[in-house]
Amino acid sequence: MTNKPSILLTGGAGYIGSHTFVALIEAGFTPIILDDFSNSKPAVLERLQRITGQPVKCQQGSVADVELVQGLIHRHQIATVIHFAGFKAVGESVAQPLKYFENNLGGMMALLNAMQSTTCRTLVFSSSATVYGDPASVPITEDFPRSHTNPYGHTKLVCEDMLAAMRVANPAWRTGVLRYFNPVGAHPSGLIGEDPAGPPNNLMPYVAQVAVGKRPFLNVYGNDYATPDGTGVRDYIHVQDLAQAHVAAVQTLLHGADSFAVNVGTGQGHSVLEVVRAFEQASGKPVPYQIAPRRAGDVAQCYADATLAQDLLGWRAKQTLANMCEDSWRWQSNNPDGFV
Ligand code: UD1
């Protein structure tokens, strides 16, 4: 038991948390999920049990419940917390900023409070490339200026700053900030994947729903950007690679490394039309689309310089766009209505 450190995953039943849960077990850790199921379904737990072949440790509840989190850290002798729990819909955050401040900032504050009353001072945080705002150039390195273009992005930036302030106040804190680019794909079993509530905001799940026949066509938001084919370019990263980045982050911190903030991307950009073609290839299904006006707040290109993560964590992305589409398709076609 002692050689299997326990890791608390807030929001561990969600898309990225669930894939990281599996990767942690494979790496010899004991992950424990804390989730209020506000944006995930309990059905994921049975799928995780099928994939890992063992009972899933899960506590239903909120990260804002300081006593609950304290109790979990004590009871399970948590070595590291990975803080996934947070709302992530950009448009919703513009319409309901307070909901985002309360949940994302309040959740982080409560978690830090709970941890402060225990001996656990090691935390990995789900940040986002959104903290680079509208980047002046690509590829993006970690020393680019940070800014925000919506309340969701603002919460990620402030959470990063909260961690920095904790480290200044007490150097015992060691934090790993992972700035995700565009996570896509699914576990190769087809048992877990992204299950957006309502129409997907993000490209890959939308494309998957068009391919499976749930939606008639994709709106391509703009074809007049300064990119090779005029459509937006992003750094899509397989969620399995992203899960491995969390394992590497935990291992690095538990081996005593200093705090870090790293990009988690492939370093390669793909356009919307490249994604459409790759998905058609992987699924054997047509993905009809129409060109629509640009989406407010979108940038032409966003992709990482991913070398720092390799240098500090010994991690790099391995999977191709074709793999991402194949796994996304397996999940979507096996579970057309998500977790039911
Ligand atoms: C979006 C968020 C970002 C957040 C990330 C989380 C916005 C403006 N940005 O990033 O803050 O961290 O999700 O995953 O919402 N596209 C279409 N049609 C669609 C959907 C998307 O053409 O139906 C295009 C977009 O214009 C963009 C690309 O596909 O060029 C990727 O879009 P998306 O998946 O929403 O990711 P981001 O905009 O990069």
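The values are calculated or read from the model by the stated rules, or taken from the named source; none is laboratory data. Fair warning: this is a prediction, and the values are worked out from it, not measured in the lab. Neighbour counts are summed over all protein chains in view; Cβ atoms, including those assigned to glycine, are modelled from backbone coordinates with ideal geometry.
Side notes on the structure shown:
- Residues located in region 210-219, provided they are within 12 Å of the ligand (Cβ to nearest atom) and crowded, with 19+ Cβ neighbours inside 10 Å: 210, 218
- Among residues of region 173-195 being within 16 Å of the ligand (Cβ to nearest atom) and of a type in the set (A, V, I, L, M), the one that is nearest to residue 140 (Cα to Cα) is 178.
- The residues of region 165-176 that are among the hydrophobic types (A, V, I, L, M, F, W, C) and either buried (at least 23 other Cβ atoms within 10 Å of the Cβ) or over 20 Å from residue 254 (Cα atoms) (or both), listed by number, are 165, 169.
- Among the numbered conditions (1) more than 18 Å from the chain's Cα centre (by Cα); (2) at pLDDT 95 or above; (3) surrounded by fewer than 17 Cβ atoms within 10 Å (Cβ to Cβ), the only one that residue 92 does not meet is (1).
- Elements of the type helices (runs of 4 or more DSSP H) sitting completely within region 83-161 and holding at least 2 residues that are of a type in the set (S, T, N, Q) and away from the ligand (no atom under 14 Å from the Cβ): these cover 106-116.
- Verdict on residue 282 being in contact with a His (Cβ under 9 Å, 6 or more places away or on another chain), more than 11 Å from the ligand (Cβ to nearest atom) and not in a loop (DSSP other than H, G, I, E, B): no
- Residue check for residue 202: under 19 Å from residue 86 (Cβ atoms), touching a residue at least 12 places away in the same chain (Cβ under 8 Å) and within 8 Å of the ligand (Cβ to nearest atom): yes
- Taking every residue in region 86-97 that is over 20 Å from residue 37 (Cα atoms) and pairing it with any residue that is more than 10 Å from the ligand (Cβ to nearest atom), at least 6 positions away or on another chain, the pairs with Cβ-Cβ distances below 7 Å are 94/151; 97/151.
- Screening residue 227 on (1) surrounded by fewer than 23 Cβ atoms within 10 Å (Cβ to Cβ); (2) under 28 Å from residue 37 (Cα atoms); (3) β-branched (Val, Ile, Thr) shows it passes everything except condition (2).
- Residues in region 285-318 that are within 22 Å of residue 134 (Cβ to Cβ) and assigned to a helix (DSSP H, G or I): 308 alone.
- Condition check for residue 299: touching a Cys at 6+ places or on another chain (Cβ under 8 Å) and within 10 Å of the ligand (Cβ to nearest atom): no
- Subset tally (residues that are more than 16 Å from residue 84 (Cα to Cα) and of a type in the set (Val, Ile, Thr)) for region 115-130: 2
- Of the residues making up region 281-338, those that are more than 20 Å from the chain's Cα centre (by Cα) and among the aromatic types (Phe, Trp, Tyr) number 1.
- Each residue in region 182-233 was checked for being under 23 Å from the mean Cα position of the chain (by Cα) and among the charged types (D, E, K, R), and 2 of them qualify.
- Among the candidates 222, 232, the residue that is within 9 Å of the ligand (Cβ to nearest atom), on the phi > 0 side of the Ramachandran plot and buried (at least 17 other Cβ atoms within 10 Å of the Cβ) is uniquely 222.
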